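Here is the structure we will look at, set down as structure tokens.
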Amino acid sequence: MRLLFLGDIVGRSGREAVLEGMAEWRRKLALDLVVANAENASHGYGLSPQIARDLLGGGIDVLTLGNHAWDRRDMVSQIEQFPRIVRPINYPAGTPGQGSCLVHLPNGHKALVINVMGRIFMDPLDDPFRTVSEVLQRYRLGVTVQAIILDVHAEATSEKMGMGQFFDGHVSLVVGTHTHVPTSDHRILPHGTAYQTDAGMCGDYNSIIGMDIQAGLGRLLKKIPSERPQPAQGEATVSGLVVETDDATGLAIRVSPLRVGGYLVGCFPGF
Ligand SMILES: [Fe+2]
Ligand SMILES: [Fe+2]
């Protein structure tokens, strides 16, 4: 199976870059599944139902979220209407939505997508290791599902790397989101799980993590609460990871970053 995972889509420039390239990437890379983090898709804060429909209708199969999941209040009441949106699995019991999503692909294969949030420098939530382990008990990689994708939405690199090592061999991919900066440690771990500490963002990198530079600097320099920063509007770099897995085992065979457009040095998988 070939899958593409895209990091946090930020605002209009991020959305437009992703939607513009999607058909071409799906064809050129023969992608079976596309998953994207969309917690910042609606003007940097949350995901509106309409933008969710636009992204899901534009070639993305599953949208994951994170600490900005509920910035758009209309998503709180409508998330149950979206079987292909996944919010962090370790939110308290009774939180709307789902923490994992089983996708039935046209070729008969199945893929499981899980979103979990870290706890270091973030809101206190349930244990991410235990909550993910519990859902994994219901599936067998390479038997009942051909791929499992785990989006670890977390601040600390240590926590994300810990998730990678802990779930190595049990899932196809552990990939980080949230910091909006791609790391260059993409690789296949010893037991066959593809890993990258952070996928980076799909947004304008001539910014401060996708948001307007002046507003961001004002907060950093003066420590005066300002109006909340607006998304930078320059050309976005689409930043993500392409993984090829073995359908018999569900483990990774190849992994490559994908970076297209904008200000980052480009990279397109050669497979
Ligand atoms: Fe984000
Ligand atoms: Fe986040």
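Just so it is clear, none of the values below were taken in a lab; they were calculated from the coordinates. Because the structure is a prediction, the values reported are computed rather than measured. Positions of Cβ are generated from backbone atoms using ideal geometry, with glycine treated the same way; all protein chains shown enter the neighbour counts.
Mean shadow of the chain, computed from the convex hull of its alpha carbons, in nm²? Before the final figure, lay out each step's value.
Values: hull surface 53.2 nm².
Here the figure is 13.3 nm², rounded to one decimal.
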What do you get for the angle between helix 213-222 and the principal long axis of the chain? Use alpha-carbon atoms, 0 to 90 degrees, nearest ten. 70 degrees
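Which order results if Asp71, Asp246, Asp204 are arranged by neighbouring Cβ count within 10 Å, fewest first?
On the way: Asp71 19, Asp246 15, Asp204 25.
Arranged by neighbour count, lowest to highest, Asp71, Asp246, Asp204 become Asp246, Asp71, Asp204.
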Prolate/oblate/rounded call for the range 118-271, Cα gyration tensor, a/c under 1.5 rounded: oblate
Check: C-alpha center the range 1-65 vs C-alpha center the range 121-161, spacing in Å is 21 Å
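How large is the dipole of the chain about the Cα centre if only Lys and Arg carry +1 and Asp and Glu carry -1, each at its Cβ, rounded to the nearest 20 debye? Please list the in-between numbers first.
Working: 24 positive and 28 negative charges, 16 e Å.
Charge dipole, the chain, about its Cα centre: 80 debye, nearest 20.
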Listed residue (Leu136, Phe167, Ser184) projecting farthest to the positive dipole end of the range 118-271, Cβ model: Ser184
Mind sorting Cys202, Cys101 by how few other Cβ atoms lie within 10 Å of their own Cβ, fewest first? Cys101, Cys202
Quick calc, the range 119-195, dipole around Cα centre from Cβ unit charges on Lys, Arg (+) and Asp, Glu (-), nearest 20 debye, gives 280 debye
